[in-house]
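Where a number appears in this text, it was derived from the coordinates with a stated rule and is not lab data. Remember, it's a predicted structure, so these values are computed and weren't measured experimentally. All Cβ positions, glycine included, derive from the backbone under ideal geometry; neighbour counts span all protein chains shown.
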Amino acid sequence: MSTTVNIGLLILRTVVGLLFAGHGAQKLFGWFGGRGMAGHTGIMERLGMSPALFWAWISALAEFLGGLGLLFGLLTPLAASALIGTMLVAIVKVHWAKGVWNGNGGFEFPLTMASVAFVVGLTGPGFYSLDRAIGLRLPEPATYLVALLAMLVVVAVGLVVPSVRRHAHRTVS
């Protein structure tokens, strides 16, 4: 890769990684005006994610640790996959019904963030990364493909299992 491409990847990873890590910190610690885990767990309950506390921890850690991974270029395929997963759930559970555009609460922004994470996972973090600095070479593209598949399974479980439980509960009641 050329120097300009590597610098471009570094800038992209820095901005997007910091935004994700900050968003995760809002959920985990209540930083930057966030609600902390209690507030985030309440949101998960309202979204029908069950068990809410479990999914709150999964999403908050995925955003915080995935954001840091993207920022530093560390375990990049895993970080990117975690971030894509949180954005897929956000799109489906929060934004989809509101259409595309962010001004209406739509999925424009989470789709953009997921796309950036996908591309960084696909291309790798570039020259200026901890993966490169410490000589960490994960088998590519196999690591990324396995991480994406695992993420899709986790997202599917998170989205489908609560719906099945609610339906079964309604049928029994």
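Between MET1 and ALA142, what is the label-point separation in nm under the 7 Å Cα-to-beta-carbon projection?
It works out to 2.3 nm between the two label points.
Taking the Cβ of PRO125 as the centre, find all other residues whose Cβ is under 15 Å away and add up their charges (Lys, Arg: +1; Asp, Glu: -1).
Spelling it out: positives minus negatives among the neighbours equals +1.
Tell me, what HN-Hα J-couplings in whole Hz come from the Karplus equation 6.51 cos²θ - 1.76 cosθ + 1.60 at θ = phi - 60° for each residue of segment 50-63, using x for Gly and Pro?
Karplus-based 3J(HN,Hα) across segment 50-63 equals 9, x, 4, 4, 4, 5, 5, 5, 4, 5, 5, 5, 4, 5 Hz.
Over segment 28-173, what per residue volume does the convex hull of the Cα atoms give, in whole Å³? Don't skip to the end; give the middle numbers.
Values: hull volume 18.6 nm³, N = 146.
About 127 Å³ per residue, rounded to a whole number.
Residue-wise, which Karplus ³J(HN,Hα) couplings in Hz belong to segment 127-138, taking 6.51 cos²θ - 1.76 cosθ + 1.60, θ = phi - 60°, and x for glycine or proline?
Listing the rounded values in order: 5, 8, 8, 5, 3, 6, 4, 9, x, 7, 10, 7 Hz.
From the phi angles alone, apply the Karplus equation (6.51, -1.76, 1.60; θ = phi - 60°) to segment 89-98 and give each ³J(HN,Hα) in whole Hz, x where the residue is Gly or Pro.
With coefficients 6.51, -1.76 and 1.60, one gets 5, 4, 4, 5, 8, 10, 9, 4, 5, 9 Hz.
Could you tell me how far the Cα centroid of segment 53-109 sits from the Cα centroid of segment 1-47, in Å?
8 Å
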